[in-house]
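Chemist: Got a structure for you, written out below as structure tokens; questions coming shortly.
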């Protein structure tokens, strides 16, 4: 298997971002908890900063000063769309980003 990469992403609402991965999966992550928990992400509490990310093979903010590993995003997110082969993906995005 090749390395997991984010190939596209968009802000959805609150502190949520939807990302498309190079394996074809689309997942959504709520960053609220990591913004509160990890000091490196504190600057993202400002939604204007949070919304201003770029996609490289991951997501980056502040000219790369803040980023998130694609694997972390994937593991801490929920599928935006559930496909029949995704038996392990029992949650849907509304479960995590509906606030």
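Chemist: Once you put a point 7 Å from the Cα of residue 33 and another 7 Å from the Cα of residue 13, both along the Cβ direction, what distance in nm separates them?
Modeler: Going from the residue 33 label point to the residue 13 one covers 2.0 nm.
Chemist: Then there is this: Quick one: length gained pulling residue 23 to residue 71 fully straight, 0.36 nm per residue minus the C-alpha distance?
Modeler: On the way: separation 48, 0.36 × 48 = 17.28 nm, distance 1.19 nm.
Additional length available on full extension: 16.1 nm.
No value in this document is a laboratory result; all are computed from the given coordinates. Please read these numbers as outputs of a predicted model, since none were measured by experiment. With ideal geometry, Cβ positions are generated from the backbone for all residues, glycine too; neighbour counts draw on all protein chains shown.
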